[in-house]
Amino acid sequence: MKRAQIHVLLWCALGLAIGGTGAYLMHLGLSSKGSSHTFDSASQLHSSNPHPIMDKLRKKLGTRQDIDEHLQELKQFEDSSLTRDSVKFEVAVYSLVAQLSEGDLELVLVLLTDSSLHLSLRVRRELQLALLERLAIFNPQAATDYAIANDLKGGELALSSTVPTNIGNQFGSPPTVAAQISLTTTVYCVWAMTDLSAAMANANTLEEEYRNRALKGILESQQNKSLEDLRKIAESLGNEQLAIDAYTASFNVEKLKNPRLAWTKFSPYLISLNLSGEWVLKNVVLQWYEQEGVDIVAEIQASAASDRVKASTTRLVLTHAVEHVPELAFRNALKFPGDSRARERIVDDVVRAWATKAPDTVYEILSELEEESLRDDLLHSVVSVWARSDPYHVVENINSFPPNLRDTGMYSAIETIAQSSLQEAAELALEVMRPLAHSWAIYDVLYDWVRQDLEQSIDWVLSRETTDRQRYSLIRILTRELVSIDARRAFEIARKEPAPNSRTGLEADVISSIIALDELELAMELLDNVREGRTRVQASASVAYQLINRGNTEQALKIGLDLPESEQEAYFPNIAYRWSSVDPQGLLDTIQLLPTSVIRSRVASRLLDSSNKQKFTESQLEILNRYLTEEDRAKIDNR
């Protein structure tokens, strides 16, 4: 039974229970708080809602003498100790509502929009719903007018019947907060309980958004009717899908007498799952599984449900069955007859669920699987789950796994250990043998470590005794993460680190990162301290690229002219391509200013041998050709 239906019955009970004495005692308790407002005109109802209907209501009610009394009644709900206790709060709300006349209900609804009331959105909403539920019994048109004037906007309502949320054959999680209830839906639910024809006729006069909200309420009130009857109602109001949603929701009960029959009745209508439909389907299927076990998978596959629904429910049943019959669940997953990608996802989910309980068992069983590609993927999944649940076991026995699984095992184990000890995880990351996997493992650990304890992470990297190659890799990762926190410090650490095997000094990387952070001026300042040779060429070129992009080619030229000739021979050809993309004529005019014929020839050669050649006219290409040395001309001719 829906909220509005329950509360209609509740008011009847409260009306008898409270009686005159209860209402009087409540009145005394509220009146004892004193009076702080006196209203004698409509202008003194300080509503924040400018809707024309609200204007009309304020004019109608603004001259009443009991405004202050009702305002004081509402002020009790400013007390957080009352609203935190859900039972006391519910009793207070419906005790207040039950004693109000039709006219009082309208007045209190208007007062709820008064800006002097300091009520939370939740409390204000609950009061509005309760008042409207009762007003809809006496005067449904007045309740409708208020509901439409004060209802939530479309995006503020939590559950939509048209937004699919099912991804990768997995059901969505229940919401962490309760769904917002439409005021319009509530009013029409009550109205349709007392006069279905009138409610439907009135709903047909509404705009589409509010007509759909009204239809939801009407359908909720008719929950015991057949799908055929619900569809007739929905068709007359222009949205048949809402009838299917309402019919589906009727199966969302704690204990179904016959979940198999429930599945048969509504599963054919679930073509594309929405969030509420997923929860109902999950409820039905799990109750069915509890009654009949894994065998229901075959019946699901033979049903009239859509392929997507079949895949989602099969996954749900089999991952649930892992708790009781894991190997049987696995065998059933392998036999899934649907789309191959859906099958692989289902099998992987089952295997992962099983691996959390018995990784060694599932590992052994998978070793016998004949499908090589699927077997390899599943073994990676098992090792990953195993390493997350028992990282030290996997680390200690890493060499017992095939070589192609070791990186997965170590990486997952390191990730898990890092949650309790970043230093221990970093030490383990150094043991990863393959360079790429090693770099990723170290990167992930240092990324978190730098942000959690900057000084400790720096001290560990700088004091760690390791090979030159590993140290270079560590410093590179550290400075990349440090540059966004303290760029100057990252630069100094990088500059002091030797570059093994003629590699580029790491400060060139730092300069590039500083530029990416839009700190060009700082990068230019630090450029003077970059070590000479290829490192300075690379760092200078990074700065020049940004200068050229900003149209400052003169500064890019000056940086190059200040370099020694040996570095100029690499620098100017390096920036020529970028320069030609931005200002080809400007570059052509500048080549003659370059200090040697060798540099001019190398720049011309780079341009003539690049895709940017098309940016130059025939006459400009002739000029470039004139700068070529015989050696460079011969190289171009031989290509």
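The values are calculated or read from the model by the stated rules, or taken from the named source; none is laboratory data. In this text the structure is predicted, and so the values were computed from the model without any measurement. So basically every Cβ, Gly included, is an ideal-geometry build from the backbone, and we count neighbours across all protein chains shown. Heads up: the accessible areas ignore ligands, DNA and RNA and are worked out on the full protein's heavy atoms, side chains in. Shrake-Rupley method; radii C 1.70, N 1.55, O 1.52, S 1.80 Å.
A few notes on this one:
- Residue count, the stretch 196-233 (criterion: of a type in the set (Asp, Glu), under 18 Å from Leu132 (Cα atoms) and either open to solvent by 70 Å² or more (accessible area, probe 1.4 Å) or at pLDDT 95 or above (or both)): 0
- Assessment of the stretch 236-244 against the conditions (out of contact with any Cys (no Cβ under 9 Å at 6 or more places or on another chain) and under 30 Å from Pro337 (Cβ atoms)) yields at least one matching residue.
- Matching option when the condition is open to solvent by 20 Å² or more (accessible area, probe 1.4 Å), within 17 Å of Leu593 (Cβ to Cβ) and polar (S, T, N, Q), among Gln568, Gln555, Gln538: Gln555
- For the stretch 606-620, the count of residues that are in contact with a Lys or Arg (Cβ under 9 Å, 6 or more places away or on another chain), on the phi < 0 side of the Ramachandran plot and of a type in the set (Ser, Thr, Tyr) is zero.
- Single unsatisfied condition, Val385 versus (1) open to solvent by less than 30 Å² (accessible area, probe 1.4 Å); (2) out of contact with any Leu (no Cβ under 9 Å at 6 or more places or on another chain); (3) at pLDDT below 95: (3)
- On the stretch given as the stretch 485-518, residues that are surrounded by fewer than 16 Cβ atoms within 10 Å (Cβ to Cβ) and under 27 Å from Gly551 (Cβ atoms) total 3.
- Residues (surrounded by 14 or more Cβ atoms within 10 Å (Cβ to Cβ) and either in a loop (DSSP other than H, G, I, E, B) or in contact with a Lys or Arg (Cβ under 6 Å, 6 or more places away or on another chain) (or both)) located in the stretch 419-452: Leu430, Val432
- Count - residues of the stretch 453-482 that are part of a helix (DSSP H, G or I) and open to solvent by 80 Å² or more (accessible area, probe 1.4 Å): 7
- Of all residues making up the stretch 444-459, the number that are within 32 Å of the chain's Cα centre (by Cα) and either under 15 Å from Ala413 (Cα atoms) or β-branched (Val, Ile, Thr) (or both): 3
- Subset of the stretch 181-239 (residues that are among the basic types (Lys, Arg) and in a helix (DSSP H, G or I)): Arg211, Arg213, Lys216, Arg231, Lys232
- Failed item, numbered, when Ala198 is tested on (1) under 30 Å from the mean Cα position of the chain (by Cα); (2) under 15 Å from Ala142 (Cα atoms): (1)
- Test result for Trp354, more than 18 Å from Ile417 (Cα to Cα), aromatic (Phe, Trp, Tyr) and under 32 Å from the mean Cα position of the chain (by Cα): yes
- Of the residues making up the stretch 53-80, those that are open to solvent by 30 Å² or more (accessible area, probe 1.4 Å) and modelled with pLDDT under 80 are Ile53, Asp55, Lys56, Lys59, Lys60, Thr63, Arg64, Gln65, Asp66.
- The stretch 580-590, residues that are more than 12 Å from Phe616 (Cβ to Cβ) and open to solvent by less than 10 Å² (accessible area, probe 1.4 Å): none
- Residue among Glu327, Glu290 that alone is under 22 Å from Leu378 (Cβ atoms), among the acidic types (Asp, Glu) and open to solvent by 70 Å² or more (accessible area, probe 1.4 Å): Glu327
- Condition met for Asp390 (modelled with pLDDT of 95 or more and open to solvent by 20 Å² or more (accessible area, probe 1.4 Å)): yes
- Restricting Leu378, Leu405 to those that are assigned to a helix (DSSP H, G or I) and within 21 Å of Pro435 (Cα to Cα) reduces the list to Leu405.
- Taking first residues from the stretch 395-418 that are free of Cβ contacts under 8 Å to residues at least 40 places away in the same chain and open to solvent by 10 Å² or more (accessible area, probe 1.4 Å) and partners that are acidic (Asp, Glu) and in a loop (DSSP other than H, G, I, E, B), the Cβ contacts under 8 Å between residues at least 6 apart in sequence or on separate chains come to Met410/Glu431.
- The criterion of being in contact with a Lys or Arg (Cβ under 9 Å, 6 or more places away or on another chain) and either in a helix (DSSP H, G or I) or β-branched (Val, Ile, Thr) (or both) does not hold for Ile414.
- Sole residue being closer than 29 Å to Ser384 by Cα, in contact (Cβ under 8 Å) with a residue 24 or more places away in the chain and either of a type in the set (S, T, N, Q) or touching an Asp or Glu at 6+ places or on another chain (Cβ under 6 Å) (or both), chosen from Val450, Val445: Val450
- The stretch 90-100 - residue that is free of Cβ contacts under 8 Å to residues at least 60 places away in the same chain and surrounded by fewer than 17 Cβ atoms within 10 Å (Cβ to Cβ) and, of those, farthest from Ile148 (Cα to Cα): Val91
- Single match in Ala305, Ala311, Ala333 (criterion: within 23 Å of Glu290 (Cα to Cα), open to solvent by less than 30 Å² (accessible area, probe 1.4 Å), touching a residue at least 60 places away in the same chain (Cβ under 8 Å) and out of contact with any Phe, Trp or Tyr (no Cβ under 7 Å at 6 or more places or on another chain)): Ala311
- Elements of type helices (runs of 4 or more DSSP H) contained in the stretch 252-343, each with 3 or more residues being within 26 Å of the chain's Cα centre (by Cα) and modelled with pLDDT of 90 or more: 307-321
- Among the residues of the stretch 101-119, the one identified as aliphatic (A, V, I, L, M) and open to solvent by 10 Å² or more (accessible area, probe 1.4 Å) is Leu119.
- Listing of helices (runs of 4 or more DSSP H) fully contained in the stretch 486-598 that carry 2 or more residues being at pLDDT 95 or above and under 40 Å from the mean Cα position of the chain (by Cα): 487-496, 507-516, 520-527, 534-549
- Only residues that are more than 15 Å from Leu119 (Cα to Cα) and either in a helix (DSSP H, G or I) or among the hydrophobic types (A, V, I, L, M, F, W, C) (or both) were counted across the stretch 71-89, and they come to 3.
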